[in-house]
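Readers should treat all values here as calculations from the given coordinates under stated rules, not as data from a laboratory. In this text, all values refer to a predicted model and were calculated from it rather than measured experimentally. Methodologically, a virtual Cβ is constructed for each residue, glycine included, from the backbone with ideal geometry; neighbour enumeration extends over all protein chains shown.
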Amino acid sequence: MSRPDAEPGEAAAVVSQRGRQLAGRLAAVMGTAVHFVDPVTGAETVVDPPQRASAGGANLEERLFGPMSPNEPTPWLTGLTVSAFAAAVVVVAMLALAGTLARETNGWLALVASVVVTAGIAPSLWLIRNRPVWRWFAFGAAGGVVIAWLGVLILAF
């Protein structure tokens, strides 16, 4: 929809400019040159992708979670409280799953489900183990998995 006070030449310029912008974005996403045909003039131009800025040597962990601050003080009381809460949640969840499966089906199924849960949570815990705040969740959840496995073995057999 165009404005009633817009000049035809002004609208054509906006359409051409927007088309070039979209071609530029497409070139950036695809990482390759894009051939753009202006819908107003019919002129074909090649839009090259922009040069990517270097990530500055940042590894995957820093790109996902941000840079670490090495001089940050360690909040032991708060961190251990968060770890205890995370451990409690993991223990309750794993024992509820294993207990229900052992009671309703078979102890082996409870054991297999616990292996799947452990294998599923392990990569996430490994990634966040060194992050300043998230490490407390990782330590608590890892401890909760270890404690829960003792209960799972008792429940399964």
### Task
Please say if the stretch 8-47 is rounded, prolate or oblate, where rounded means a/c under 1.5 for a ≥ b ≥ c the square roots of the C-alpha gyration tensor eigenvalues, and otherwise the choice is prolate for a/b larger than b/c and oblate otherwise?
oblate
### Query
Taking neighbour Cβ counts within 10 Å as the exposure measure, how do Ile154, Ile121 sort from fewest upward?
Ile154, Ile121
### Query
For the residues Ser114, Ser124, Ser83, Ser16, what sequence is obtained by ranking on other C-beta atoms within 10 Å, fewest first?
Ser124, Ser16, Ser83, Ser114
